[in-house]
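Quick note: the coordinates plus some simple rules give every number you see, no bench work behind them. Quantities reported herein were computed from a predicted structural model and do not represent experimental measurements. Neighbour counts run over all protein chains shown; Cβ positions are idealised from the backbone, glycine included.
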Amino acid sequence: MKSIKILERLLAAIPIMIGVAILVFLFVRLTPGDPVDLMMGSAGSVSQQEIQALQEEFDLDKPLHVQLYIFLKDVVRGDLGDSFTQREPVTDIIGRALPATIELAFGAAFFAVLFAIPIGVYSAVKQNSITDRLSMAFSFLGISMPAFWFGIILIIVFGVKLGWLPISGRLDYGFNFPSVTGLYLIDTVLARDWPALKNAVLHLILPSIALGMQLLAVLARVTRSSMLEVLRQDYVTLARAKGLREFIVIVKHALRNALIPTITVLGIQIGVLLGGNMIIETVFAWPGLGRLAVDSIFSRDFPLIQGVVMIYAFTYVIANLVVDVLYTYINPKITL
Amino acid sequence: MPVTKTPDGLSEEITPGHPLIHLLQIKTRIFLADFRGFIRKLKHHPSALIGALLIILFLVVAFFAPAVAPHDPFVGELSERLIAPSWLEGGVSQYILGTDQQGRDLLSRIIYGARISLWVGFISVTISVLIGTLLGAAAGYFRGKLDLFLSRTADLLLAFPFLIFAVAVMSFLGPGLINLILALTFKGWVEFFRLVRGEMLSEKTKEYVEAAKANGQSNLRIILSEVLPNIIHTIIVLGTLRMGFFIIMEASLSFLGLGIQPPDPAWGSMVNEGRQFMLNAWWLSTFPGAAILVLVLSINLFGEGLRDILDPRLKIE
């Protein structure tokens, strides 16, 4: 029964993804300005034949619905067209940028979870204490803080004033190791290049904190409130009555159940990480998908914008789907 | 209360003593009593009170910006560029927060920037609330194909992370204030739609709606004067909390260079401009960003307080 429900959810995601593709296509096509003009841009005078050749190359001479059909067919085949500016397949460009973004997203999630859960649990256990109030005020600050500004403050304090950490890029020049996954933390370990690993980790710290801060704040609040609820349950009282140590009661009995909402929120907040990385990657000159998106917008490279936006949306839909499915396994009370 | 049968709820002539006038009087009285009660509760909610006072401060400063700002935010002396804040070495008392790369007074620019943030936040939330509430109420009340269509559209829009969607829209519309508001509302209505639709679905089955139907009230009147007053609290709470979010989104878009363009003093673009001078003039990015933080923080404090006061069901401990 459960697998049928999961299959249903998977199937329901397909029309959404098709809708996303159509919407993105329409956006680009309805934009004022002829794509060929944009493509030629600063090329100066262009002959009629050249324009025609370009129109044919990008199927711009065909009616809109035929263009849509060709576009969707290509998307299904995994072909997102060629970039106007870089003249190479969009999928290749995205493929190169993706590992950097994934690494940063994991860094941010790791940072957030690492601090959020202890803060949330401690605040709940010591409800209304000074520490509780301070950490909740701190998390409120985290939620209200613009990520780009926090990133810049981190750069000013830890990069410029203290000089402790690197402030841009993924790696200093001069390191050379084979790229297997594109994820530097894994590639450097595979190559046993420890100085490069250290360098990559140092580069990852500030952007991860900047990107993960808001997530930390949200997760700490959620963990705290679900922990408060769980601590009032009978089975926790029973565990205490049995004479178990308070630490065991909190970690083994209460926390396990309190984490369910935390995990859900973590999944939902993947969107925040995705949206936020555009900002953080710009601030820290991180060569990922977010910076690619911003660059492609300024160069008005429509196939690339189209591709990047679609990848974002697809990832978001899939992430939500995975969370939904995982959720049913963690919490059998929920039906999809 | 006397009941009049009106097939469409609008065709009657309304004269003094008419039941509708009577109803209006009662509702005004209830509203005023509610409002006084609300203020009383607000006084006992310190964080919400602080938030409310700070918002009022921001509003006053923004409204009277020409009187409050010590200098012209658009004109600067190049000979006075990059002066440090007054309490630091090299600072002068004339420029409390220092000057920017064009010699313009940073404090005055921040004061004028409050106008943009508040304006964009308020207008885009208001439009989102109106569209979302209207469509959500219609979808939840009438169901059918309309509901199906609107719900699928909402699902589709939810497939995009907010900022990505706004950035994509801005890249196609081009920068500017109106386009910024459009980009935010394009997706912003969805949350209100889902909220109101859900509330409408559950309210619709309640007895008072059945009673209103049995009394022969028109659908429009049931939605507007029976159901909406019962769910308006939740809408206001969500609206307030979203306003902070929209202000951050505006600042983010302006930061990326896609929103408000220089020389207009939007906080986000000021942070971005200041970034180039991070090494020797840290205040250029720091203070406008701090202004965003304080404004959004006040709105969120007030919003959460509102939720505790208006909608205790949702109270977070």
query: What residues from the stretch B:98-131 fall in the zone where the backbone N is under 19 Å from a label point 7 Å along the Cα-to-C-beta line of B:Glu77?
result: B:98-109
- prompt: Residue farthest toward the positive end of the dipole of the protein assembly as shown, with Cβ of Lys/Arg at +1 and Asp/Glu at -1: which of A:Gly288, A:Phe148, A:Ile209?
  reply: A:Ile209
query: Relative to the longest principal axis of chain A, what angle (0 to 90°, nearest 10) does the C-alpha long axis of helix A:48-57 take?
result: 40
query: How big is the charge dipole of chain B about its Cα centre, in debye rounded to the nearest 20, if each Lys and Arg gets +1 on its Cβ and each Asp and Glu gets -1 on its Cβ?
result: 840
statement: With B:Ile123 itself left out, Lys, Arg at +1 and Asp, Glu at -1 over residues whose Cβ is under 13 Å from its Cβ give +1
- prompt: Cα convex hull of the stretch B:20-314: mean projected area in nm², to one decimal?
  reply: 18.6
task: With unit charges on the beta carbon (Lys/Arg positive, Asp/Glu negative), name the residue among B:Leu238, B:Phe186, B:Ser218 whose Cα is farthest towards the positive pole of the charge dipole of the stretch B:159-280.
output: B:Ser218
query: Given charges of +1 on the Cβ of Lys and Arg and -1 on the Cβ of Asp and Glu, with all other atoms neutral, how large is the dipole of the protein assembly as shown about its Cα centre, in debye to the nearest 20?
result: 2720
message: Under the √(5λ) rule applied to the eigenvalues of the Cα gyration tensor, what semi-axes describe the equivalent ellipsoid of the stretch B:74-214? Give them in Å, descending.
response: 48, 17, 11
- request: Return P(r) of chain A (all Cα-Cα pairs; 10 Å bins starting at 0; whole %; ordered from short to long distances).
  value: 5, 20, 25, 24, 16, 7, 2, 1, 0
- request: Loop only per DSSP, at most 13 neighbouring Cβ atoms within 10 Å: give me the GluC sites (Glu not before Pro) in the stretch B:18-110, ordered by residue number.
  value: B:Glu77, B:Glu89
- line: Taking every other residue with Cβ under 15 Å from the Cβ of B:Leu49 and scoring Lys and Arg +1, Asp and Glu -1, one gets +2
field: Semi-axis lengths, Å, the stretch B:46-109, gyration tensor of Cα atoms, sqrt of 5 times eigenvalues
entry: 28, 14, 8
query: A:Asp82's amide H: which non-local residues (gap 5+, or another chain) put their own amide H closer than 5 Å, with H modeled 1.01 Å from N in plane and none for Pro or chain starts?
result: A:Val90
task: Working from Cα positions, state the angle (0 to 90°, nearest 10) between the long axis of helix B:106-142 and the longest principal axis of chain B.
output: 20
field: GNM top mover of B:Ala33, B:Ala183, B:Ala154 - chain B, alpha-carbon springs below 10 Å
entry: B:Ala33
query: For the stretch A:187-305, what is one quarter of the convex hull surface built on the Cα atoms, given in nm²?
result: 11.1
field: Built amide H within the under 5 Å cut-off of B:His71, gap 5+
entry: B:Ser108
- prompt: Mind checking the angle between helix B:283-310 and chain B's longest principal axis? C-alpha axes, 0 to 90 degrees, to the nearest 10.
  reply: 20
task: For each pair in B:Lys27/B:Lys213; A:Lys62/B:Lys145; A:Lys5/A:Lys252; B:Lys41/B:Lys187; B:Lys27/B:Lys206, compute the distance between the two Cα atoms and list the pairs where it is over 28 Å.
output: A:Lys62/B:Lys145; A:Lys5/A:Lys252; B:Lys41/B:Lys187
query: Which of B:Ser86, B:Ser298, B:Ser151 moves the most in a Gaussian network model of chain B with Cα springs under 10 Å?
result: B:Ser86
field: Partners for A:Lys73 among aspartates and glutamates (Cα-Cα distance below 14 Å; same-chain residues under 8 apart left out)
entry: A:Asp59
message: How large is log10 of I(q)/I(0) for the stretch B:84-139 at q = 0.18, 0.23, 0.26 Å⁻¹ when the intensity is taken from the Debye formula with one equal scatterer per alpha-carbon?
response: -0.67, -0.84, -0.92
- prompt: Which value, in nm² and rounded to one decimal, describes the direction-averaged projected area of the C-alpha convex hull of the protein assembly as shown?
  reply: 38.4
- request: Pull up the cross-link candidates among the aspartates and glutamates for B:Lys204, meaning alpha carbon to alpha carbon under 18 Å and not fewer than 8 places away within one chain.
  value: B:Asp147, B:Glu226
